[in-house]
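Written below as structure tokens is the structure these notes are about.
The values are calculated or read from the model by the stated rules, or taken from the named source; none is laboratory data. For clarity, every value in this text was computed on a predicted model and none was experimentally measured. All Cβ positions, glycine included, derive from the backbone under ideal geometry; neighbour counts span all protein chains shown.
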Amino acid sequence: MGSVPIVEDGLAELLKQGLGSGALAFSTDNAWGVDSADFIFLCVPTPQGPNGRSNISIIERVATEIGPHLAPDAIVVNKSTVPVGSTHIVERALGREDVQVVSNPEFLREGSAVQDFLHPDRIVIGADDEASAIRLSALYLRLGAPVLVTDPATAETIKYASNAFLATKLSFINAVAALCEVVGADVRQVALGMGYDPRVGSSFLKPGPGWGGSCFPKDVAALIGIAEDAGYDFALLKGVVTVNAGQYERVVAKTLRLAGGEVRGKRVALWGVTFKARTDDIRDSPALEIARRLRELGAVVVAYDPTVHGPLDGLEVVGDPYAACVDVVALVIATEWDEFRWLDFEKVGGLMERRAVVDARNLLDPAAMRRAGFTYEGIGIV
């Protein structure tokens, strides 16, 4: 009791503070405590189904369980990422005409979720009932963030559209990186020049091995599905997905080329397993997809990540980055852990069978690596 099972900066301290003050308690009984609550936040998984649509069966089940126990005039808040129209689905599951359901999507980033919650850039509230929207808005007043009050369908769409747009920016800069490689440009300078334009902005203009994680793949697929169900072909977003899948293959192709054209039966090091740094989340991780494709080519992939200790299916996970490099024909840097910048690369090179590095996060200095005798390739860097 009182331990945090995930890596999330500041969360353990908040948990300790809440438990110590008596303001926070836990139960496995969904009906526990809701009879005296003014607000009930539904924060449950909505996993991607086999057809790409979000599966909301968990949220329906929880709503059905708590419905009979809610106090009159309680407000049930949909915090989960849910398809457009889910507010009304929850209303039906609750079976209570004296209870309001409001959409209040979260915009937290893994690795900085506590900071994002305490200092949000906006609060979005979707409600059909104005009084409920005002009551919920009052909970966030002390945060000082802009509050957008709209209808539930719009609030639900804002969440999906936000994540889809960020995924689009990532796929765009990865496509630009591919162009830079063939025309001899430097994507880092291109992104810097673009980012100074306030209409573009500098965030999410860092090329990489592709986007993944618990949100982007699921939310992009869900928005495509929502559009299809409404009769609209979201071709632009489908292209974003296609570019992302191609990025995995580009990293694999770079690895194959630097390894001498063949990895069957050979060892390849993978630095980074999580989908991003400052987390231990491996869901839909580009690193794991790249590892899977290398294994299909016959490679033995040896991985290191500071927050992942295995075992992982098909991967040999070791306890330090140097151990991963013993007798490998290539090293792939797949996650942007800052510690990778400061390792002893003379030692790394001495352990490798072939001094070849595919820096899929552009963490290292290409010139310094080449002076040290490495064959080096980044993303969008010649």
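When the stretch 88-102 is filtered for residues that are within 31 Å of the chain's Cα centre (by Cα) and of a type in the set (Gly, Ala, Ser), only Ala93 remains. The requirement of being surrounded by fewer than 13 Cβ atoms within 10 Å (Cβ to Cβ), out of contact with any Lys or Arg (no Cβ under 8 Å at 6 or more places or on another chain), touching a residue at least 24 places away in the same chain (Cβ under 8 Å) and on the phi < 0 side of the Ramachandran plot is satisfied by Ser36. Checking the structure you have, find out if any residue of the stretch 249-271 is within 26 Å of Glu156 (Cα to Cα) and in contact (Cβ under 8 Å) with a residue 60 or more places away in the chain. No, the conditions are met nowhere in the stretch 249-271. The residues of the stretch 150-167 that are outside any helix (DSSP H, G or I) and farther than 15 Å from Glu91 by Cβ amount to a single one, Thr150. The set of residues in the stretch 334-367 that are under 15 Å from Leu258 (Cβ atoms), not aliphatic (A, V, I, L, M) and not in a helix (DSSP H, G or I) comprises Glu353, Arg354, Arg355, Asp359.
Take Leu256 and decide whether it is more than 22 Å from Asn55 (Cβ to Cβ), at pLDDT 95 or above and not in a loop (DSSP other than H, G, I, E, B). First the steps, then the outcome.
Numbers: more than 22 Å from Asn55 (Cβ to Cβ): yes; at pLDDT 95 or above: yes; not in a loop (DSSP other than H, G, I, E, B): yes.
Yes: the conditions hold for Leu256.
Residue under question is Asp284, and the condition is that it be within 22 Å of Ala323 (Cα to Cα) and in a loop (DSSP other than H, G, I, E, B); does it hold? Spell out the reasoning first.
Numbers: within 22 Å of Ala323 (Cα to Cα): no; in a loop (DSSP other than H, G, I, E, B): yes.
No.
Going residue by residue through the stretch 114-124, is there one that turns out to be at pLDDT 95 or above, touching a Pro at 6+ places or on another chain (Cβ under 6 Å) and charged (D, E, K, R)? For the stretch 114-124, residues at pLDDT 95 or above, touching a Pro at 6+ places or on another chain (Cβ under 6 Å) and charged (D, E, K, R): present.
Looking only at the stretch 29-74, which residues are within 18 Å of Pro217 (Cα to Cα) and not aliphatic (A, V, I, L, M)? Outline the logic, then answer.
Of the residues in the stretch 29-74, the ones within 18 Å of Pro217 (Cα to Cα) are 44-56.
Correct list: Pro45, Thr46, Pro47, Gln48, Gly49, Pro50, Asn51, Gly52, Arg53, Ser54, Asn55.
Looking at this structure, is Ser171 within 29 Å of Leu288 (Cα to Cα), among the polar types (S, T, N, Q) and surrounded by fewer than 16 Cβ atoms within 10 Å (Cβ to Cβ)? No.
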